[in-house]
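Read through the structure below, which is laid out as structure tokens, and then see the notes.
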Amino acid sequence: MTEMTETAELKRDARKVALQLLHATALPDGQVFTELDAPRYTTVDYYRMACHLLFQCHRCGNCCTTGDPIRLRPEDALAIARHLKIPLNKVIKKYTIPDPDRPGVLDFKHILPCKFYDANMKGCKIYTARPWSCRIFPFLGIYGSEDKVKINESCPGSVETMKILTEALEEARSDPKITGAVDPAEVRRAKEFLRAALNSV
């Protein structure tokens, strides 16, 4: 596949993602998901999900060599223990320290660079078990709270992603399908499309 073909495909994908994003943000979650256990996300969360769909890592290693702190949820520590095939208490003792600012949250104790960063392959040795904070990088934020999409300027892929998404949104807003009556079923489908991106990071 040539570089021009890849660029054309990415722009086509960006247009699809932008259209889905505009549909998904037409109504709040509370009006679309009536299930009590359905997570509620904000408009900003859907923008982050769209960014995750379009993001292409440049494998520069900046996130793994400058991230401080790298936070872990209990389920992250458990995933690492399973991945390394060692007991959870050993993972906690060997690789983590309590986060000084957040009770009940752990941080990796070996950072700058991360203990699991492999400089030769420019990648993570535990990629499939990497913590949630690594998974949502570089589009940081607390899901479920209204904020803004925070872009890490040291990540060339995130800067590129925002540029692509911004251009695609400008083009998508001129699409006649976006104007007119809002169909809750279509909004739900768009929200589910973007939520799938979050589940796959």
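Counting each DSSP H run of 4 or more residues in the chain as -39500 (n - 2.57), what helix-only mean residue ellipticity at 222 nm follows after dividing by all residues, to the nearest 500 deg cm²/dmol?
It comes out at -15000 deg cm²/dmol, rounded to the nearest 500.
Say we join alpha carbon atoms closer than 10 Å with springs in a Gaussian network model of the chain; which of CYS134, CYS51, CYS60 then has the biggest fluctuation?
Among CYS134, CYS51, CYS60, the largest GNM mean-square fluctuation belongs to CYS60.
Only Lys, Arg, Asp and Glu count, each charged at its Cβ (+1, +1, -1, -1), so figure out the dipole size of the stretch 70-179 about its Cα centre, rounded to 20 debye.
860
For the stretch 162-201 and the stretch 25-58, what is the centre-to-centre distance using only Cα atoms, to the nearest Å?
10
From the list (i) 16.6, 49; (ii) 18.8, 57; (iii) 17.0, 60, can you say which value of Rg and Dmax of the Cα atoms in Å was derived from the structure given?
Recomputing Rg and Dmax of the Cα atoms in Å here picks out (ii).
Quick one: accessible area per residue over the chain, 1.4 Å probe, rounded to a whole number of Å²?
59
Between MET121 and SER154, how high is the FRET efficiency from 1/(1 + (r/R0)^6) when r is the Cβ-Cβ distance and R₀ = 35 Å? Nearest 0.05.
Calculated transfer efficiency: 0.95.
Springs between alpha-carbon pairs under 10 angstrom, Gaussian network model over the chain: which of ALA26, ALA181, ALA81 fluctuates most?
ALA181
How large is the Kirkwood hydrodynamic radius of the stretch 43-136, counting all unique pairs of alpha carbons, in Å?
Over the stretch 43-136, the inverse of the mean reciprocal pair distance is 14.2 Å.
Ignoring ligands, DNA and RNA, please state the percent of accessible area on the stretch 53-164 from carbon and sulfur, probe 1.4 Å.
57
List the lysines whose Cα lies under 16 Å from the Cα of LYS85, skipping any in the same chain that are fewer than 8 positions away.
LYS93, LYS94, LYS125
For the chain, set up a Gaussian network in which alpha carbons nearer than 10 Å are linked by springs, and say which option among SER174, SER158, SER133 fluctuates the most.
SER174
The values are calculated or read from the model by the stated rules, or taken from the named source; none is laboratory data. Remember, it's a predicted structure, so these values are computed and weren't measured experimentally. Using ideal geometry, Cβ is built from the backbone for each residue, glycine included, and neighbour counts are taken over all protein chains shown. For accessibility, only protein heavy atoms count, side chains too; no ligands or nucleic acids. Shrake-Rupley method; radii C 1.70, N 1.55, O 1.52, S 1.80 Å.
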